[in-house]
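Asks: Take a look at the following structure, please.
The values are calculated or read from the model by the stated rules, or taken from the named source; none is laboratory data. Since the structure is predicted, the reported quantities are computational estimates derived from the model, not experimental observations. Virtual Cβ from ideal backbone geometry, glycine too; neighbours counted across all protein chains shown.
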Amino acid sequence: MSEEQAADTAVEQEAAAEAPPSLGIQDLAAMVQVIDVCSKRGAFEGPELESVGVLRGRLVKFVEANKPPAPEGEAEGAAQATPEAAPATEEEQGRMPKDVG
C-alpha cells in the first residue's frame, strides 16, 4: 500500500468515526416489525402490552408521515409493504377479553 493510499484510508476512517449515528425511516419501520414478531411470539407480558402498543402506534404514524412519496406506479405496492397501525386488541391493552371468564 502506498503512502497516498494509506493517507486516503486514514482520512476515510476519521470521517466515518466523526459521523454521528443516525436512524432512518427504514430503521423505524424495522422496529415496528420487531415489535410485531415479539408480540406474536409472546415476548410481552400483559401489563407491558399497552405501552408496547402505544410505542408501535407512534412509530407507525411517524413512518407514515415521513416516508418519501412513492412514484405513480408503485403507490399500490408500497401501501401494502408499510406496516399499518391495527387497533389494539383487549389483550394488547392489558385487559382480558370479555368472553373469558
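Asks: Where the second residue is aliphatic (A, V, I, L, M) and surrounded by 10 or more Cβ atoms within 10 Å (Cβ to Cβ) and the first is under 14 Å from Asn66 (Cβ atoms) and lies in region 20-45, which pairs have Cβ atoms under 6 Å and are six or more apart or on separate chains?
Replies: Between residues of region 20-45 that are under 14 Å from Asn66 (Cβ atoms) and residues that are aliphatic (A, V, I, L, M) and surrounded by 10 or more Cβ atoms within 10 Å (Cβ to Cβ), the close pairs are Ile25/Val63; Leu28/Leu59; Leu28/Val63; Ala29/Val63; Met31/Leu59; Val32/Leu59; Val32/Val60.
Asks: Please state which one of Ala70, Ala78 is modelled with pLDDT under 90, surrounded by 13 or more Cβ atoms within 10 Å (Cβ to Cβ) and touching a Lys or Arg at 6+ places or on another chain (Cβ under 9 Å). Don't jump to the end; show me each part of the working.
Replies: Values: Ala70 fails: touching a Lys or Arg at 6+ places or on another chain (Cβ under 9 Å).
Answer to the check: Ala78.
Asks: Could you grab me the full set of residues in region 15-25 that are exposed (fewer than 10 other Cβ atoms within 10 Å of the Cβ) and in a helix (DSSP H, G or I)?
Replies: Ala15, Ala16, Ala17, Glu18
Asks: In addition: Say we look at region 26-64 and pick out the residues that are basic (Lys, Arg) and assigned to a helix (DSSP H, G or I); which of these is surrounded by the fewest Cβ atoms within 10 Å (Cβ to Cβ)? Give the steps one after another, and end with the answer.
Replies: At the first step, the residues of region 26-64 found to be basic (Lys, Arg) are 40-41, 56, 58, 61.
Subsequent filtering for residues that are assigned to a helix (DSSP H, G or I) retains 40, 56, 58, 61.
On the way: Lys40: 8, Arg56: 21, Arg58: 13, Lys61: 11.
Here the residue is Lys40.
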